[in-house]
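Heads up, the thing below is written out as structure tokens.
The values are calculated or read from the model by the stated rules, or taken from the named source; none is laboratory data. Not measured: the values here are computed from a predicted model. Here the Cβ positions follow ideal geometry from the backbone for every residue, glycine too, while neighbour counts run over all protein chains shown. The area values use the complete protein model at the heavy-atom level, side chains included, leaving out ligands, DNA and RNA. Shrake-Rupley method; radii C 1.70, N 1.55, O 1.52, S 1.80 Å.
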Amino acid sequence: MPQLPRVAIIGRPNVGKSTLFNRICGHRRALVGDEPGMTRDRLYAPAEWMGKPFEVVDTGGMIPFEKDLIATEILRQAQVAIEEASQLIMVVDARQGIVPLDEELVHLLRRSGKPLALAVNKVDMAQHSPLAAEFHRLGVPDIFPLSAEHGLGVDDLLEHVTKDFPASQEGVNNESAEPAVGTTAAPVSPLGDQPIRVGIIGRPNVGKSTLLNSFLDQERSIVSPLPGTTRDAVDAEFERDGRRFRLIDTAGIRRKGKTDLLAEKLSVIQARKHLERSDVALLMLDGPEGLTALDAHIGGYAHESRRSVIIVVNKWDAVKNGNANDYYQAIRRRMKFLDYAPILFISALRRQKLAGLLETIAQVAEARKLRVATSEMNQFLKELDFERAPTPASKPTRVYYLTQGGVAPPVFVAFTNRAGKLHFSFERFLENRIRERFGFLGTPIVIKSRKSR
């Protein structure tokens, strides 16, 4: 697939880069708030202006020469985005005027040799336009007063930035509703199938971003020992052995009351939202720390959302005298509601057992979409021994007909002699027999009942 031109949005913290990014890509992809440092990793999204497709890249607020670990990593991520970009947009704050950090960034961006446009943001009304005049002092000839929040002036900026971009042609795939992001975007497979969407979830510091980076073989997500480093969900797509995967690295989920900053609260909300657009959820646990109540709580989110689930015990190489079977049994006891989820032991940092994890993801994604023919389902029904099924003594449940009504997740409809929902124990019996016969690895099964007339 031809590489789309990339437009990188650069600037110091809290000038409105993410608001402009969301405006250009057309949906609320990046976290936006009044706190500085909301964005840390670089975020990609497809965009189009006047029939010209491109990718827009959001970056964290840059602070050159800052010694702080997170600030250094944000700067490094932004520098990668600058190197990849065809065009640069530097965002400044019209209300604050020129500050020394703006001058440092202009000097840094000029050295890149990339075309540079200056977006003077927060010009919300016509009478604020004179505020942009001061920024000519920075020596950037292409200056655009605008309001990213209200969309004013953004069209002029995009007209300028995209003037040399090619128009959409056959062979340029720009129809994806999901962000076609990541510096390792894979070519479209010959079958034209959609990638398997894999959400990586878990509490802070269990190795979610390390796993993403290990799969991609690059530093795509910031990794640090500080909890809460990832805030926005980071998407990246790659291909392995003919299969396409889209990884979604989400922020670490904490308990309510444990999040103080607005950015942390929003990131937890976004993590649950991005879980909803996954096919398979990787629930990551910290091997050395062991299973916690919060791990089970997060597993409940995945189960309730009806995602397919794989439980991944990370950092297993750091577990001294670890007994995988004991750990396995502990998980099964504490997470009985996820008894359908396979459990794998890996080391994301050392890239141990990652090939097996990818193979399991593919198997689970396939099981999620499995459809059983009605004839086969009814043959299965005839062979069931309902004498073993627990039923209320007053009126035993009889199943006359069983059919699959949907996939992803698989939904089965049982026509019975009783109105209302099946008794829990009977429903469990039916689910277990379906799994024994047809598999459905890692996938929740939904059983609905109808009274047969």
Starting at the first residue of the range 83-91, write each ³J(HN,Hα) from the Karplus equation 6.51 cos²θ - 1.76 cosθ + 1.60 with θ = phi - 60°, in whole Hz, x for Gly and Pro.
-> 5, 7, 6, 8, 9, 10, 10, 9, 9
Computed ³J(HN,Hα) along the range 132-141: with the Karplus parameters 6.51/-1.76/1.60, θ = phi - 60°, integer Hz and x for glycine or proline, the list is 6, 4, 4, 6, 4, 5, 6, x, 8, x
Regarding the range 316-371, what is the average projected area of its C-alpha convex hull, in nm²?
-> 4.8
From the P(r) of the range 300-453, can you give the percent of Cα pairs sitting at distances over 23 Å?
-> 46
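For Arg435 and Asp217, what is the calculated FRET efficiency with R₀ set at 41 Å and r taken between the beta-carbons, to the nearest 0.05?
The pair Arg435/Asp217 has a calculated efficiency of 0.70.
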Kindly report the accessible area of the range 78-141 per residue (heavy atoms of protein chains, probe 1.4 Å, no ligands, DNA or RNA), in Å².
-> 47
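For the range 263-388, what is the convex hull volume of its Cα atoms per residue in Å³?
154
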Accessible heavy-atom area order of Ile143, Ile248, highest first, probe of 1.4 Å = Ile143, Ile248
What's the carbon and sulfur percent of the range 307-410's accessible surface, probe 1.4 angstrom, rounded to a whole number?
-> 48
How big is the range 99-153 on each of its three principal axes, counting only the C-alpha atoms and giving the largest first in Å?
-> 33, 19, 18
Roughly what percent of Cα-Cα pairs across the range 42-153 reach past 16 Å?
-> 63
Which shape class, rounded, prolate or oblate, goes with the range 409-453 when its Cα gyration tensor gives a ≥ b ≥ c as root eigenvalues, a/c under 1.5 marks rounded, and past that a/b bigger than b/c marks prolate?
-> prolate
Part-to-part distance (alpha-carbon centres) for the range 416-451 and the range 47-125, which is given in Å | 54
In Å², what does the accessible area per residue of the range 276-340 work out to with a 1.4 Å probe?
-> 44
Can you tell me the Rg and Dmax of the range 367-430, counting just the alpha carbons, in angstroms?
-> 12.3, 38
